[in-house]
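Taking it in order: structure first as structure tokens, then the write-up.
The values are calculated or read from the model by the stated rules, or taken from the named source; none is laboratory data. Everything quoted here is computed from the prediction, not taken from an experiment. Quick reminder, even Gly has a Cβ in these numbers, built from the backbone with ideal geometry, and neighbours come from all protein chains shown.
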Amino acid sequence: MKSDFNGTRCVVTGGAGVIGKELLSILQASHCPVLSIDKNPLPEGFNSTGITHIVKDLAIDSLDEIDEFRPEIFFHLAAAFGRSKESPDFWEVNWKDNTLLSHRTTDAARRIDSLRVFVFASSYLIYSTALYMSGALRHDPVYLKENSPVYPRNITGASKYYTEKELDFIREYFRPELRTVCARIYRVYGRGSKDVISRWVRAALNNDPLEVYNKDNRFDYIYARDVAEGLYRLAMAEEAEGIVNLGSGKSHSVDDVLNTIFSFNNVKIIDRGRTEDYENSAADIGLLRNLTKWQPPTTLSEGIGQIVRYEREVSKSAL
């Protein structure tokens, strides 16, 4: 594969999402012709030079545009997420927007002979919770490795795992020359997102109280721009194949997030207490570093600072 993406045709599903928009900007800077597909339009004012964005539902609509585009690189980001403990309403959403949608995109990978690399945005929710959750508080994080035991945490994790196995099946029986990368992504936060950090920042800027559960839980928070950069670098690294953790490699508590937000605006906290076992997880990113010669650079405070500035600008423009 070329050492850069200049002129390489790329498809991005979920291009209007928090990671997708960042990836589109990275590919745009690399002078790639890009076909972006999402149920939602790109935001007003987004620089779409070199990008063809199509609004459609990949779970049910025709995929003819993907076939006709003849991509060389395919980034599959489109997905739906609920809370870790998903509601009954999410049952149908997960089937349609995760399992069925991903099956249709992997089938496209099976039949499009121009395709050389397929990068799938998978999830750490695939790993067994017995590894990193317990009834007692852990002070040291459990660093999850690519070969750690699997037992999906919820139906989103199960769907992600199924798609990983479909990609294995495609390589074994149909496209052995296709390089597939399953990036198991950790807790993403970013500008203009629906994630809990963005929701709390918006609430804090409005002087609304923050409703908080499980303050002692610790997660590997990774900034959306870093996720997009990681996916790009994994696509470019010829040796990258199979499962690769994509996280910050650090564990931060919910309290760490709140204290960082307090540094920008002091707000009232409504502590709802503990509703689940303690979590203390982080990504072992040794393989990511070895493959890409890179690691996510954005610290939690830097990322939250960027979200605060973004939300303030959004508030100003709305006046």
In the stretch 171-205, the residues that are farther than 14 Å from Phe118 by Cβ and outside any helix (DSSP H, G or I): Arg184, Ile185, Tyr186, Arg187, Val188, Tyr189, Gly190, Arg191, Gly192, Ser193, Lys194, Asp195
Odd one out for Arg138 among (1) assigned to a loop (DSSP other than H, G, I, E, B); (2) surrounded by 18 or more Cβ atoms within 10 Å (Cβ to Cβ); (3) more than 18 Å from the chain's Cα centre (by Cα): (2)
One residue from Glu211, Glu164 being of a type in the set (D, E, K, R), in contact with a strand residue (DSSP E or B) (Cβ under 9 Å, 6 or more places away or on another chain) and assigned to a strand (DSSP E or B): Glu211
Any pair with Cβ under 6 angstrom, 6 or more apart, that starts in the stretch 200-224 at a residue that is at pLDDT below 95 and ends at one that is assigned to a loop (DSSP other than H, G, I, E, B): Ala204/Asn265; Ala204/Val267; Pro209/Lys268; Leu210/Val267; Tyr213/Arg272; Tyr213/Thr275; Asn214/Arg274; Asp216/Leu137
Output for the stretch 158-186, where each listed residue is without any contact (Cβ under 8 Å) to a residue 40 or more places away in the chain and within 19 Å of the chain's Cα centre (by Cα): Ala158, Tyr161, Lys165
Where a residue in the stretch 21-43 is over 16 Å from Val227 (Cβ atoms) and free of Cβ contacts under 8 Å to residues at least 60 places away in the same chain and its partner, wherever it lies, is surrounded by fewer than 17 Cβ atoms within 10 Å (Cβ to Cβ) and of a type in the set (Lys, Arg), with Cβ under 8 Å and at least six apart: Ile37/Lys56; Lys39/Lys56
Subset tally (residues that are among the charged types (D, E, K, R), modelled with pLDDT of 95 or more and under 24 Å from Tyr310 (Cβ atoms)) for the stretch 1-55: 4
